[in-house]
Amino acid sequence: MQWRTVLREIKTRELHKDIEILSQTFERVMDCKDNVIKSLAKDLAEAEEQYAHALRSHLHNVDQLLALQRRRLSLLEESYNMELEALTMEFETERKTITDQHEKEIHYLQDVFMAMEQNYIDSEYESKLEFQSMWDDLKNKNLEEKHFLRLQLENIVEDLCKRFQEALKRYTDATEDRKIAFETLKVKDEKSSKEIEAQMKTIQKLQEAIAVSKGKIMLHSRESEDQNQYIRNDKELVLIQLRKLKAQRSQAWGTSQENLVKLTRESNAALKALRKVVDKGERILKLAELCRKLETEEEKVLPFYSSVLTSEEQEIELQNGGKELTEELAKVMVNYSAMENFWKRYNKVKLEQLSLQHRRAQLLEINRKLREMLKQYLDGISVSDEVLSQLNPLFIVNHRSNLPQPLSTPAAQPGDRQPPTPCNIVEAAHGISHTL
């Protein structure tokens, strides 16, 4: 039992030591983690400050641009309203003069119309009397001619009746057999006639309705024609007066119309320019949102990279650049100093684009060379019309190749190195096909 107690004590001591070691390591790890968390929190705070600063500068620039645009629009609107008021005043004065003149001419035309109407009534009464006398004469002549024609027609009808009776006797004698068939057909005809009568009644009703509607249409058309004729006459008179007024107005409105055209062109140009600016701003915002999705973690944390130049190099660059700048250019650069971070990011993206284009060109060149090597290899192992027309060391006919023969070289000196002898290779399938 004593050895168990001894072992327990030894084991407890070992466990206490292990716990102390583990507690120290745990504290050390906790300290490291705390330091990492503090550094990350510090980096996050710096990134948030940079983002807030960039956002404030961007909003400030946008507010300035909006204020400038509003001032410009207010000035344009004031000038437009002033010119519009002047044009409306001119239009109102001209309108009053035209309406007064129109009323005078209407009174004059009404007097003329009354006089013409009185003349028309007198001439109409005279023409009616003449028509009545002529109508009585024609009626008497027609009655005499009618009586004479009636006597002639009675004689002709008697002769025709005698001829008809004779023809009827001959016809009845010749068509007794057909008469029976005719009676049967007559019964059928009566039935069909009844049906036809019913259909004719319906058709007659429809025709009466059509005639009533046509009469109404004719009445309406006559009334409308009279009204249209009266309106056309008024229209012709008004058009004549309107042409005269237009000829007078064209001279007076020439300058005002030119000013109006000029104003509309300038307003349209301003609206188009503003639309382009708005579309460009919306496009920039959309591209910024799309680019933000493609940013890396490093670009999101540090969007504006620090300059690669040292402080001394930056001072030298500023001194060299300041000499070439003029006062006007310096003022413009001061106005656009807030865009410096944007140009940094733009230059960074442009450099990356150029590097990718250069890398793409290199890869295309490597791909082209590999394709040429692969084509040479495939041309060497295959036989086609294109291969036969080109130089191929594997194609041999009658122990001759289509490669150009090397030129004769001078006699080799004892110390010179001999060039390697060319070795022609023939495909096995080619050799077997020619040997068999």
Fill in: Met89 versus Glu105: modelled label distance in nm, points set 7 Å from Cα along the beta carbon direction
2.8
Worksheet entry | Area accessible to solvent at Thr93, 1.4 Å probe radius, in Å² | 80
Item to complete: Measure off 7 Å from each Cα along the Cα-to-Cβ vector at Thr175 and Gln199, then give the distance between these two points in nanometres to one decimal.
Response: 2.4
Practice prompt. Using only protein heavy atoms and a 1.4 Å probe, report how much of Asp279 is accessible, in Å² to the nearest 10.
Written response: 90
Worksheet item: R0 = 60 Å: FRET efficiency of Lys162 with Tyr120, Cβ-based, nearest 0.05?
Response: 0.45
Worksheet entry | From the C-alpha gyration tensor of the stretch 142-218, square roots of 5λ in Å | 37, 32, 5
Worksheet entry | With every protein chain in place, the stretch 75-194: carbon and sulfur % of accessible area (1.4 Å) | 60
Worksheet entry | From phi via Karplus (6.51, -1.76, 1.60), per-residue ³J(HN,Hα) for the stretch 277-290 in Hz, x at Gly/Pro | 5, 5, 4, 5, x, 5, 5, 4, 5, 5, 5, 5, 5, 5
Practice prompt. Could you pull out every one of the lysines with an alpha carbon less than 21 Å from that of Lys205, ignoring same-chain neighbours closer than 8 positions?
Written response: Lys194, Lys214, Lys216
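Roughly how many Å² is the accessible area per residue of the stretch 93-236, as a whole number, for a 1.4 Å probe?
Numbers: 14120 Å² over 144 residues.
Result: 98 Å² of accessible area for each residue.
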Worksheet item: Tell me, what is the FRET efficiency for Asn35 and Val349 to the nearest 0.05, using R0 = 35 angstrom and their Cβ-Cβ distance as r?
Response: 0.50
Fill in: Pair Ser337, Glu315: separation of 7 Å Cα→Cβ label points (nm)
1.9
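Extension gain Leu75-Thr255, at 0.36 nm per residue separation less the Cα-Cα distance, in nm? If you can, show how the numbers build up before the last one.
Details: separation 180, 0.36 × 180 = 64.80 nm, distance 2.30 nm.
Between Leu75 and Thr255, full extension yields an extra 62.5 nm.
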Response to the item:
Of the listed pairs Lys280/Lys344; Lys104/Lys246; Lys162/Lys188; Lys293/Lys344; Lys276/Lys350; Lys286/Lys348, those with alpha carbons more than 22 Å apart are Lys162/Lys188; Lys276/Lys350
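Per residue and in Å³, how big is the convex hull formed by the alpha-carbon atoms of the stretch 186-227?
Numbers: hull volume 1.7 nm³, N = 42.
In the stretch 186-227, the Cα convex hull volume per residue is 40 Å³.
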Item to complete: Return the lysines within reach of Lys38: Cα separation strictly under 26 angstrom, same-chain partners fewer than 8 residues apart disregarded; answer none if there are no such residues.
Response: Lys300
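The values are calculated or read from the model by the stated rules, or taken from the named source; none is laboratory data. This is a predicted model, so every value here is computed, not measured. Every residue, glycine as well, gets a Cβ built from its backbone with ideal geometry; the counts of neighbours run over all protein chains shown. With ligands, DNA and RNA removed, areas are computed over all heavy atoms of the protein, side chains included. Shrake-Rupley method; radii C 1.70, N 1.55, O 1.52, S 1.80 Å.
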